[in-house]
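Q: Quick one: this structure, given as structure tokens, is what I'll be asking you about.
The values are calculated or read from the model by the stated rules, or taken from the named source; none is laboratory data. Computed from a predicted model, the values in this text were never measured in an experiment. Every residue, glycine as well, gets a Cβ built from its backbone with ideal geometry; the counts of neighbours run over all protein chains shown. These area figures cover heavy atoms from the full protein model, side chains too; ligands, DNA and RNA do not enter into them. Shrake-Rupley method; radii C 1.70, N 1.55, O 1.52, S 1.80 Å.
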2 protein chains.
Amino acid sequence: MAPGVVTPTTSGPEHKQDTDLTASAVDAKLTTKNGHVQNGHVDPKPAAAAQLAELDASKLTYTLTPTPRPVPDEATANSGLETVCTDHMITATWSARTGWAAPELKPYGPLTLMPTASVLHYATECFEGLKAYRGHDGKLRLFRPDCNAARMLMSTVRISLPAFAPQELEKLLLALMAVDGARWLPRSRPGTFLYLRPTVIGTSPQLGVQAPHEAMLYIVCSFMPRMDSPVGGMKLHTSPEDMVRAWVGGFGYAKVGANYGPSLLATQEARKRGFNQILWLYGPEGYCTEAGASNYFVVWETKEGRRQLVTAPLDDRLILDGVTRRSILQLAKERLAGELEVVERRYTIDEVIEAEREGRLVESFAAGTAYFVCPVSLVHHRGKDLVIPTGENDCGAYTAKLKGFMYDIMYGNEQHEWGVVVNEKE
Amino acid sequence: MAPGVVTPTTSGPEHKQDTDLTASAVDAKLTTKNGHVQNGHVDPKPAAAAQLAELDASKLTYTLTPTPRPVPDEATANSGLETVCTDHMITATWSARTGWAAPELKPYGPLTLMPTASVLHYATECFEGLKAYRGHDGKLRLFRPDCNAARMLMSTVRISLPAFAPQELEKLLLALMAVDGARWLPRSRPGTFLYLRPTVIGTSPQLGVQAPHEAMLYIVCSFMPRMDSPVGGMKLHTSPEDMVRAWVGGFGYAKVGANYGPSLLATQEARKRGFNQILWLYGPEGYCTEAGASNYFVVWETKEGRRQLVTAPLDDRLILDGVTRRSILQLAKERLAGELEVVERRYTIDEVIEAEREGRLVESFAAGTAYFVCPVSLVHHRGKDLVIPTGENDCGAYTAKLKGFMYDIMYGNEQHEWGVVVNEKE
């Protein structure tokens, strides 16, 4: 662009470098004065900001249900069309005028929203997913809830919802499990889990296309089927050419509703054809990104004979920074250093196909909270099946090792800082 | 990819050409037997399909409010943070087992959703926006509601919500205005409008990432401020380099929530800096796509001296197929044929800048239901202001002509098939 083409603005230095509106807005929201987040108000004047309440788990009020429901067994709980939740949930409302109200723990039940609520029109919504694990030592644990809380803050800000101090969300997660854990995930069921779903939605009854001025954070806890051991391994179908999940400059890294709804159609079509999930490819090169809503991993040997655990990188912000993903990478580095080189880089479906053809493809798995660590046995790409070794019990040796490390931390077979024990109320 | 790399599947011809999962699923949903849509069930067996009810406006039930609210004047109605809606709304629920229930016209009020509702997590939501116009001849009109209904069907299917016959939605829109029009848009206010917002949301209380098996269609009618004549014209800020609105292979053409929430952050940041909207550019070339949530138009002279009305094309599915957009293109072709050549093609911000520099840039405007036809006076791009002529009254001559054609059809100064008269109940 030649100089002089456009007239320089006269309205100040803020117009000089301004090609980063989104990043700039995120920074503003996350700017801290005292080392913690300022109540989610976007551009608080100091005086006004002081009056806006922060999210504060210590203000949590308790209203317990007078009619606790019978706790179903796992099979029953997961057999219906409706997700079965525990007796209680936590909610906290926010408004741009007053900040965060005191959070409430109360009986699980429906939400009331105006038909004009922002979330119903503009997808001002984000969520997290993490599990609570009943250990073989009887204790109830969350797995790295600090990671989920930090990611939730990032997603919340990205989708124009109010910020909060992530450690307060972590405390609320523990508070809900402290109340519902003992009955809904009893000591008589070691090795089982429940699923926690913190959510933030824009509740402003306002059809104007703008950031919500009212919002609600809520946490529910539900049953979820085990999905980590499909018979014969997980079968993936590469993404259709008419469909991209996420793109550079988009929001694929954030756990916002907008990443999920648009992908349901292709996923449903793949399931009708007998596949479990879509392997989302990116760009004409066909970079492997995510397997459904999980991160995707391959174990292969390089042409030089080095054995590698490979997964897509985070730096282009196409994929979710999975808690399972980062834990597996760290465990592989710490515990399989002599066996596997850990590599985060862009890699293409053609590289995977070439490795298979040359006998260098060792294993493959998907990893995330829902699917845990799930062996992948087949990738269907452009009309052909790529068969991936899974070894004994439909689970490759490295996959099994990594899964075992994780399981032992989650269920208390190994005492580890990632397993955060819930202080249960009996 | 060399032959023999992957093993051909043995499970049938459906695996031969299957790179079009999304398009294929859309086709399946829209496949008709008798010339109309089959109740939104994805893959109905003939017997089951016969039992699933279609959306049927003739089954509409009426429950009128016993306490009609006072109708505010325009200024009051648009001054608060909450969108003011009319006395009634229409809802219709859908389930995968039974199809569409009879639609209900009932008092406007809150919706009840389970915290696990699909729409709150996975953005299974889409909407439309159209206005009802009180004509200078006293009649109440919708403008091309068939176009909105058809687009709503497309969006609904794209986001894995149930299909319906679009003419039924059109009838429901007319039915709501027939009841609320006379009081909320009285004959004493010719030249004013209300805003209709049909919406479909996924209501299944199910956290599994899958297409909703329950949904709700609803229509509300609200006040909306006039936005077509900002003082000094509309000022746009080109999109940040860290933010892409839509992408080829995405869903930019569908009116789904997922296109809106992620854009709010950059829009809010632009507004803080004094701009009305983002001019969304695409790709390294900087193609002009949309202005905020409106379509974007430029009038320029080519280097050869031909005067053109230029807007982005639909074929790459990046932008919304705007009803205002298509109407303006058609009117320009029909009524300004001697003055303006109508061109739908990709064009870059650099082309606009070059035209301005060479004195060939004539006018620019944004067009959509909310902003109607709104003159653009400035585009801020990479630190510099591009000033666009707007002529008298902050509105260029072509912009004013096209706006006038539209206005006259909308408000009954010209009898035209695009203006669909509501048969009001007095």
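Q: Between copies, how far apart are the A:Arg226 label points? List them in nm, one decimal, shortest first, with each point 7 Å from Cα toward Cβ, please?
A: In ascending order, 6.6 nm.
Q: Taking each label point as 7 Å beyond Cα in the direction of the beta carbon, state the distances from B:Pro190 to the same residue in the other copies, shortest first, in nm.
A: Values, ascending and in nm: 8.4.
Q: Also: Give, ordered by residue number, each residue of segment A:79-101 whose 1.4 Å probe accessible area is reduced by a minimum of 10 Å² on adding the remaining protein chains to the chain alone.
A: Residues of segment A:79-101 that lose at least 10 Å² of accessible area once the other chains are added: A:Leu81, A:Glu82, A:Thr83, A:Arg97.
Q: Highest first, please rank the peptides B:321-328, B:98-105, A:410-417 by the mean number of other Cβ atoms sitting within 10 Å of their residues.
A: Packing order, densest peptide first, comes out as B:321-328, B:98-105, A:410-417.
Q: Hey, another quick one. Could you report segment A:234-395's accessible area per residue, 1.4 Å probe, as an integer in Å²?
A: Numbers: 5180 Å² over 162 residues.
It amounts to 32 Å² per residue over segment A:234-395.
Q: Just A:Lys235, A:Lys29, A:Lys384 to compare: in a GNM of chain A, with alpha carbon springs under 10 Å, which one fluctuates most?
A: Maximum fluctuation in the GNM of chain A, among the listed residues, is at A:Lys384.
Q: Apply 1/(1 + (r/R0)^6) to the Cβ-Cβ distance of B:Val387 and A:Val343, taking R0 = 60 Å, and write down the FRET efficiency to the nearest 0.05.
A: Working: r = 51 Å, r/R0 = 0.85.
About 0.70, to the nearest 0.05.
Q: Between A:Arg271 and A:Arg69, with labels modelled 7 Å along Cα→Cβ, what's the label distance in nm to one decimal, could you check?
A: 2.1 nm
Q: Let me ask you something else. Of A:Ala123, A:Ala132, A:Ala367, which is the most mobile in a GNM of chain A whose springs link Cα atoms less than 10 angstrom apart?
A: A:Ala123
Q: Here is a further query. Under a cut-off of 22 Å between alpha-carbon atoms, report the lysines in cross-link reach of B:Lys403, not counting same-chain residues fewer than 8 places apart.
A: B:Lys131, B:Lys139, B:Lys235, B:Lys333
Q: Here is a follow-up. Is the C-alpha gyration tensor of chain B telling us rounded, prolate or oblate? Criteria: a/c under 1.5 is rounded; beyond that, a/b larger than b/c is prolate, otherwise oblate.
A: Values: a/c = 1.79, a/b = 1.15, b/c = 1.56.
Verdict is oblate for chain B.
Q: Now for a different question. Leaving out ligands and nucleic acids, and using a 1.4 Å probe, what accessible area per residue does segment B:159-221 come to in Å²? Mind dumping the intermediate values first?
A: Values: 1350 Å² over 63 residues.
Value returned for segment B:159-221: 21 Å² of accessible area per residue.
Q: Once phi is turned into θ = phi - 60°, what whole-Hz ³J(HN,Hα) does the Karplus curve with 6.51, -1.76 and 1.60 give for every residue of segment A:180-195, x standing for Gly and Pro?
A: 9, x, 4, 8, 8, 9, x, 4, 6, 10, x, x, 10, 9, 10, 10
Q: Right, here's the next one. Once you list every other residue whose beta carbon is under 12 Å from the beta carbon of A:Ala101, what net charge do they have if Lys and Arg are +1 and Asp and Glu are -1?
A: So the environment of A:Ala101 carries a net charge of -2.
Q: Ignoring ligands, DNA and RNA, what percent of the accessible area of segment A:357-426 is carbon or sulfur (1.4 Å)? Before the final figure, lay out each step's value.
A: Numbers: 1420 of 2850 Å².
After summing per-atom areas, the C and S share lands at 50 percent.
Q: Determine the residues within segment A:231-276 where the difference in accessible area between the chain on its own and the full set of protein chains amounts to at least 50 Å²; count protein heavy atoms only and use a 1.4 Å probe.
A: By number: A:Asp242, A:Val244, A:Trp247, A:Gly249, A:Pro262, A:Leu264, A:Leu265, A:Gln268, A:Glu269, A:Lys272, A:Arg273.
Q: What is the percent carbon and sulfur in the accessible area of segment B:222-334, measuring with a 1.4 Å probe over the protein chains and ignoring ligands? Walk me through the numbers on the way to the answer.
A: Working: 1690 of 3470 Å².
It is 49 percent, rounded to a whole number.
Q: Tell me, which residues of segment B:112-134 get at least 40 Å² less accessible area when the other protein chains come in, versus the chain alone (1.4 Å probe)?
A: B:Leu113, B:Met114, B:Pro115, B:Thr116, B:Leu120, B:His121, B:Tyr122, B:Glu125
Q: Within 12 Å, Cβ to Cβ, of A:Leu340, how many net charges do the neighbouring residues add up to if Lys/Arg are +1 and Asp/Glu are -1? Present the calculation step by step, with values, prior to reporting the outcome.
A: Values: positive: A:Arg306, A:Arg307, A:Lys333, A:Arg335, A:Lys401; negative: A:Glu301, A:Glu334, A:Glu339, A:Glu341, A:Glu363.
Result for the neighbourhood of A:Leu340: 0.
Q: I've got another one for you. Kindly write out, for segment A:263-278 in residue order, the coupling ³J(HN,Hα) from the Karplus curve 6.51 cos²θ - 1.76 cosθ + 1.60 (θ = phi - 60°), rounded to whole Hz, with x marking Gly and Pro.
A: 8, 5, 5, 5, 5, 4, 5, 5, 5, 4, 8, x, 9, 7, 8, 8
Q: Say a label goes 7 Å from Cα toward Cβ at A:Ala101 in every copy; what distances in nm does this one have to the rest, shortest first?
A: 2.7
Q: Show that you can apply the helix-only estimate: for chain B, add -39,500 (n - 2.57) for every DSSP H stretch of four or more residues, divide by all residues, and state [θ] at 222 nm to the nearest 500.
A: Working: 10 runs with 103 residues, N = 426.
That comes out to -7000 deg cm²/dmol.
Q: How much accessible area is lost when chains B and A come together, counting both sides, with a 1.4 Å probe, in Å² rounded to the nearest 100? Display every interim value, and only then the final one.
A: Working: alone 20000 and 20010 Å², together 30670 Å².
Interface area, both chains combined: 9300 Å², rounded to the nearest 100.
Q: For chain B, set up a Gaussian network in which alpha carbons nearer than 10 Å are linked by springs, and say which option among B:Glu125, B:Glu334, B:Glu168 fluctuates the most.
A: B:Glu334
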